[in-house]
Amino acid sequence: MEDLLKLKRHFDRVKVVTIVALLALAAVCIATLLMSFQEANINSRRIYIVNRNAQFEAIAGTVQANRPVEIGYHVRRFHELFFTVIPDAKEIQESTRRAFYLADNSAKKLYDDLQEQDFYNEIIQGNVVQKIKVDSVVTNSATYPYQAITYATITQTRATTSARKKIISRCELEDVPRSLSSPNGLFMRRFKIISSSLYNGF
């Protein structure tokens, strides 16, 4: 009888060990499957481009995942085109024309105001070079239309002097079809300088 009890206890221990081993094996199998599916999903987003024995890798992603970066670039590019001015009438016209593709009439209105103040003529006659350095762009892509506030430094250099001022601007951005003029598929609206002491009328 004692041998039977020992045998039963031994059988129970083997049974428990077997169940634990099977559960552990099942857990390992499930974890392996999940990791395999995850890796396959990541790899399916990768595109390999081969050109003359050189391999390049591109990773696909959603448009929204990259939107904050595109908003920042779009706003920076507009400021660079609009506020970088050299004493060359044709270059001023070409630069502002390209800037107008990125924004609505609020940018054109600011340009017209500066024209009325004779700003561009003074730049040309005074042989002034104006440059802008965008310090930061704070974006909000969680709401639509998107919001952006830009902090920048404008420097004007003359033959003997230079002046540096800070400006803060804000705007809203909408999605539009991508094009050569607007490769990020964005369009600025309600652009406004909200803080500046550089120009009258800003």
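Counting only helices (runs of 4 or more DSSP H) that sit completely within segment 1-102, those holding 3 or more residues that are at pLDDT 75 or above and under 30 Å from Leu180 (Cβ atoms) correspond to 67-83, 89-100.
Conditions tested, residue by residue: (1) within 18 Å of Ser169 (Cα to Cα); (2) in contact (Cβ under 8 Å) with a residue 60 or more places away in the chain; (3) among the basic types (Lys, Arg); (4) surrounded by 17 or more Cβ atoms within 10 Å (Cβ to Cβ).
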{"residue": "Gly72", "(1), (2), (3), (4)": "yes, yes, no, yes"}
{"residue": "Arg76", "(1), (2), (3), (4)": "yes, yes, yes, yes"}
{"residue": "Thr84", "(1), (2), (3), (4)": "yes, no, no, yes"}
{"residue": "Ala89", "(1), (2), (3), (4)": "no, no, no, no"}
{"residue": "Ile92", "(1), (2), (3), (4)": "no, no, no, yes"}
{"residue": "Asn105", "(1), (2), (3), (4)": "yes, no, no, no"}
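What do you reckon, is Lys131 over 20 Å from the mean Cα position of the chain (by Cα), basic (Lys, Arg) and either closer than 14 Å to His74 by Cβ or surrounded by 15 or more Cβ atoms within 10 Å (Cβ to Cβ) (or both)? Yes, satisfied.
Looking only at residues in segment 117-138 that are out of contact with any Ser or Thr (no Cβ under 8 Å at 6 or more places or on another chain) and touching a residue at least 40 places away in the same chain (Cβ under 8 Å), which one is farthest from Ser169 (Cα to Cα)? Looking at residues that are out of contact with any Ser or Thr (no Cβ under 8 Å at 6 or more places or on another chain) and touching a residue at least 40 places away in the same chain (Cβ under 8 Å), I get Asn127. Scanning segment 118-158 for residues that are in a strand (DSSP E or B) and basic (Lys, Arg) turns up Lys131, Lys133. Evaluation of Ser196 against the conditions (1) in contact with a strand residue (DSSP E or B) (Cβ under 6 Å, 6 or more places away or on another chain); (2) closer than 19 Å to Glu80 by Cβ; (3) at pLDDT 90 or above; (4) surrounded by fewer than 17 Cβ atoms within 10 Å (Cβ to Cβ) shows that the sole unmet condition is (3). When Lys165, Lys192 are screened for being of a type in the set (D, E, K, R) and within 22 Å of Phe100 (Cα to Cα), only Lys192 passes.
The values are calculated or read from the model by the stated rules, or taken from the named source; none is laboratory data. Since the model is a prediction, treat every value here as computed from it, not as a measurement. Neighbour counts run over all protein chains shown; Cβ positions are idealised from the backbone, glycine included.
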